[in-house]
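Structure first, then comments.
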Amino acid sequence: MKLAYRQLLEARRQALHQELEGALAGREELVWEVGCGHGHFLTAYAAAHPAECCIGIDLVGERIERARRKQRRAGLPNLHFLHGEARLFLEVMPAEARLTRLFVLFPDPWPKLRHQKHRILQAPFLEMVAARAAPGCRLCFRTDYQPYFEEAQVTVSAHPQWKLVDETWPFEFTTVFQQRASGFHSLIAARQANDH
């Protein structure tokens, strides 16, 4: 069983690496959306920023298929959607590639105490992102779940490679989850130029 799982993971790693290299096509900078869902936000962002390579990932294959249909209809060569997991994506990024902006919009809040370990915005993830981020990279996080927002503020504030910044949200586009939310909270963090 363990061997079969390792083989499956390696196959996923190789497939994601190949897709990512094809999406980058020699470009070294990218905007990344984790948990892109059906691709509404990133499609709008890519249309407004044609010079930027935009890549969205999601764990759910059906969502990625719908997002890819949006990309094809929009005819945006700078937009790509990949089926995969965030940490694996960071592992297979080409060595020279760097994140310039990262969006994490309305992620699963995992509200139950026993499930909070599954939240994406945690110190180990911030560490992985920092290793692949260009200096000054912006991490843009938005949630409608107040406890997750408060935890994210503490986590990001405590991380030596990230600093909360008081900036205007870089691109407004109402997502499906944002439409459903009665309110939401946003934070922006900047990747520090030097590790402390």
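Structure data summary
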| quantity | calculated |
| --- | --- |
| Subset of the stretch 151-167 [of a type in the set (Ser, Thr, Tyr) and crowded, with 17+ Cβ neighbours inside 10 Å] | THR155 |
| Candidate set: the stretch 5-35, residues that are open to solvent by 10 Å² or more (accessible area, probe 1.4 Å) and not in a helix (DSSP H, G or I); chosen: the one nearest to CYS137 (Cα to Cα) | GLU29 |
| Subset tally (residues that are open to solvent by 10 Å² or more (accessible area, probe 1.4 Å), under 16 Å from VAL34 (Cα atoms) and either touching an Asp or Glu at 6+ places or on another chain (Cβ under 7 Å) or assigned to a helix (DSSP H, G or I) (or both)) for the stretch 124-150 | 4 |
| Selected residue (criterion: nearest to THR175 (Cα to Cα)) from residues of the stretch 36-49 that are of a type outside the set (A, V, I, L, M) and open to solvent by 40 Å² or more (accessible area, probe 1.4 Å) | HIS40 |
| Breaking point among (1) at pLDDT 95 or above; (2) in a helix (DSSP H, G or I); (3) touching a His at 6+ places or on another chain (Cβ under 9 Å), for ILE57 | (2) |
| Search result, residues across the stretch 36-48 that are without any contact (Cβ under 8 Å) to a residue 60 or more places away in the chain and in a loop (DSSP other than H, G, I, E, B) | CYS36, GLY39 |
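The values are calculated or read from the model by the stated rules, or taken from the named source; none is laboratory data. Since the structure is predicted, the reported quantities are computational estimates derived from the model, not experimental observations. Quick reminder, even Gly has a Cβ in these numbers, built from the backbone with ideal geometry, and neighbours come from all protein chains shown. Side chains are part of the model used for accessible areas, which takes the heavy atoms of the whole protein and leaves out ligands, DNA and RNA. Shrake-Rupley method; radii C 1.70, N 1.55, O 1.52, S 1.80 Å.
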